[in-house]
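Before any comments, here is the structure.
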Amino acid sequence: MRVAICGIHIESSTFTPYRSSADDFAVRRGADLRDRYPFLTAGAPLAEAAEWLPLLHARALPGGPVVAGDYAAWKREILDGLLASGPVDGVLLDLHGAMSVEGLDDAEGDLARAVREAVGPDAVLSAAMDLHGNVSEQLFDACDLLTCYRTAPHVDVWETRERAARNLLEVLAAGRPVHRALVHVPVLLPGEKTSTRTEPAASLYASLAELEARAGLRDAAIYMGFPWADEPRCAAAVVVTGEDGAEVSTAALALGERLWAARHDFAFVAPARSLEDAVGEALDAGEGPFFVSDSGDNPGAGGTGDTTAALAAFLRAPAVRSAERSVLIASLVDPATVARARELGVGAHGTFRVGGRIDARPPGPVELDAEVRHVLDDGEGGATAVLRSGGLDVVVTSRRTQYASAAMFERAGVPLGTHDVVVVKMGYLEPDLYAVQRGSVIALTTGGVDQDLPRLGHRRIRRPMVPFDDDAPRPCAVRTRTTRVAEAPAARRPEPVPGMPGPGTA
Ligand SMILES: [Zn+2]
């Protein structure tokens, strides 16, 4: 079996002034792309079960809509690669599901449809996605198999991609029809309310394994959808695939209804506060670190990473000015400030204007009389400086990034645990931060990924939709498609491999 691998992975807010371009992406091709997948390392069962054709994969930190020409160039390269590869039996589409492209409403659907046209109707397309992705009718129709993560924060990304690859090979090997069903659910919520750390998402996602164990069902996926784009496709969805068409439809509708029934039960994963209240609570808290999520500008969802409301608010606090309380802000992107800090050198004092250059919403650039504490070159944030003013340390980077791991804080010379309060541009806390927190709040700041969704002014999503409307009706439409998988010639059938059922046993 010959299976191509390709995809583009980004989450784009359409409410940010930022445009994501080729400079923001890491692009992998050929052997370098194959090395991305732990389950394709030499000797791994899946590695040997097919001839893998790694074409192109582009991945970026969440941002804004992708520049149209950059998307078009990668799409062209993928299609040319498919053409040059000759006939393929399958394609593993490694996607996010919430990419926006300038002038295009359904980027992943556009890409999948083009791939489908390039490989013809007989190849099997399997999409591995983020649960914050959307499933448009176009994407659903173009792919034979679709699945997504089952944890948020996402700790099962490789498991998910491996499952998508395994499903693909099993379906090809079985040579029997496979059915899929899509149910859109009129709910669109921020990830901070649908984390699998809390109910009702924990139980919903936990139920998928049990569903899959039923005869005739292969895979079940719950997509929460992406709330920070104003596109008609943005909504929650469930997708079920399997060999028993009737069971697949019944299970998809039941799962969609279960998600809908929980629609009013989703709540923030941590206490949510106005910025002012978050500052007060953080500075009054006992032993740290106490985390404040500057959630409206979370670059992990598409925020610019340079709004300054939180910086200004902590700077005003007397306990911070007097250094009675220590506060770390990580991070803001501002290459000009980093350049000036490096010019002055470690230990020097200066007046800086920090942040507010990409997203200039009030208060805009903040004036900071500060000492340059550290300068460094970091892979993710590029040239970086740490500035100190009173009890406040601010990490300033030259590239958009997110301080999400303990290692990043250590590299910047500000390890977690050395400040009473840590302010992060994030929503729910990523695992390393969650593990050391002694308390946390989500500050409902404004920005490109505002948690207060109705404040953003969506105009193009389907309505009614919770929480934009008080309520929305129970989902009742099931979209179904069937793939007639060609019986694989015996010569092309894989030998049974450990951990993977042989032909006909899936
Ligand atoms: Zn996600």
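Around Asp359, which amide H atoms from residues at least 5 apart in sequence, or from another chain, sit under 5 Å from its own amide H, with H modelled in the peptide plane?
Under 5 Å from the amide H of Asp359: Asp306.
Work out how much length Ser203 to Thr250 would gain on full extension: take 0.36 nm times their residue separation and subtract the Cα-Cα distance, in nm to one decimal. Don't jump to the answer; show the numbers that get you there.
Working: separation 47, 0.36 × 47 = 16.92 nm, distance 1.94 nm.
Extending this stretch completely gives an extra 15.0 nm.
Counting only Cα, what are the radius of gyration and maximum Cα-Cα distance Dmax of segment 300-416, in Å?
Cα-based Rg and Dmax for segment 300-416 come out at 12.9, 35 Å.
Taking the Cα centre of each part, how many Å lie between segment 412-457 and segment 154-196?
What the calculation gives is 28 Å, centre to centre.
Counting only protein heavy atoms and using a 1.4 Å probe, what share of the accessible area of segment 108-242 belongs to carbon plus sulfur, as a whole percent? Write out the running numbers ahead of the final one.
Numbers: 1640 of 3140 Å².
Using a 1.4 Å probe with all protein chains present, segment 108-242 comes out at 52 percent carbon and sulfur.
Going from most exposed to least, what order do Glu170, Glu371 have by accessible area with a 1.4 Å probe? Don't skip to the answer; put the middle values down first.
On the way: Glu170 20, Glu371 50 Å².
Largest accessible area first, the list is Glu371, Glu170.
Specify the angular offset, from 0 to 90 degrees and rounded to the nearest 10, of the alpha carbon long axis of helix 201-212 from the longest principal axis of the alpha carbons in the chain.
20 degrees
With a 10 Å radius around each residue's Cβ, average the other Cβ atoms per peptide and rank 91-104, 462-475, highest first. Each step should come with its number before you reach the end.
On the way: 91-104: 24.4, 462-475: 14.6.
Per-residue Cβ counts within 10 Å, averaged per peptide and sorted highest first, yield 91-104, 462-475.
Pulled fully out, how much extra length does the chain show between Asp80 and Glu210, if you take 0.36 nm times their separation in residues and subtract their Cα-Cα distance?
Values: separation 130, 0.36 × 130 = 46.80 nm, distance 4.08 nm.
Residue separation times 0.36 nm, minus the Cα-Cα distance, leaves 42.7 nm.
Restricting things to Cα coordinates, could you compute the convex hull volume per residue of the chain in Å³?
Hull volume over Cα atoms, normalised by residue count, gives 136 Å³.
Ranked highest first by the average count of other Cβ atoms within 10 Å around their residues, in what order do 291-298, 155-162, 217-224 fall? Write down the numbers at each step before the final one.
Details: 291-298: 29.2, 155-162: 17.0, 217-224: 25.2.
Those peptides, ordered most packed to least, come out 291-298, 217-224, 155-162.
Could you state the number of Å between the C-alpha centres of segment 212-267 and segment 1-79?
One Cα centre to the other: 25 Å.
Out of all DSSP beta bridges with both ends in the chain, state the antiparallel percent to the nearest 5.
On the way: 43 of 90 bridges.
The answer is about 50 percent antiparallel.
Using a simple spin-label model with points 7 Å from Cα along the Cα→Cβ vector, what separation in nm is obtained for Ala73 and Glu343?
3.1 nm
Charges only on Cβ, +1 for Lys and Arg, -1 for Asp and Glu: so what's the dipole of the chain about the Cα centre, in debye to the nearest 20? Kindly include the intermediate steps, with their values, before the conclusion.
Working: 51 positive and 69 negative charges, 96 e Å.
Dipole size: approximately 460 debye.
Counting Lys +1, Arg +1, Asp -1, Glu -1, what net charge surrounds Ala251 among other residues with beta carbon under 13 Å of its beta carbon?
Values: positive: Arg180, Arg214, Arg218, Arg258; negative: Glu210, Glu212, Asp219, Glu243, Asp244, Glu247, Glu257.
The answer is -3.
With every protein chain left in place, what is the accessible area per residue of segment 272-450 in square angstrom, probe 1.4 Å?
36 Å²
The values are calculated or read from the model by the stated rules, or taken from the named source; none is laboratory data. Since the model is a prediction, treat every value here as computed from it, not as a measurement. Don't worry about glycine lacking a Cβ; one is built from the backbone with ideal geometry, like all the others, and counts go over all protein chains shown. Just so you know, the surface numbers come from the protein's heavy atoms only, side chains and all, with ligands and any DNA or RNA stripped out. Shrake-Rupley method; radii C 1.70, N 1.55, O 1.52, S 1.80 Å.
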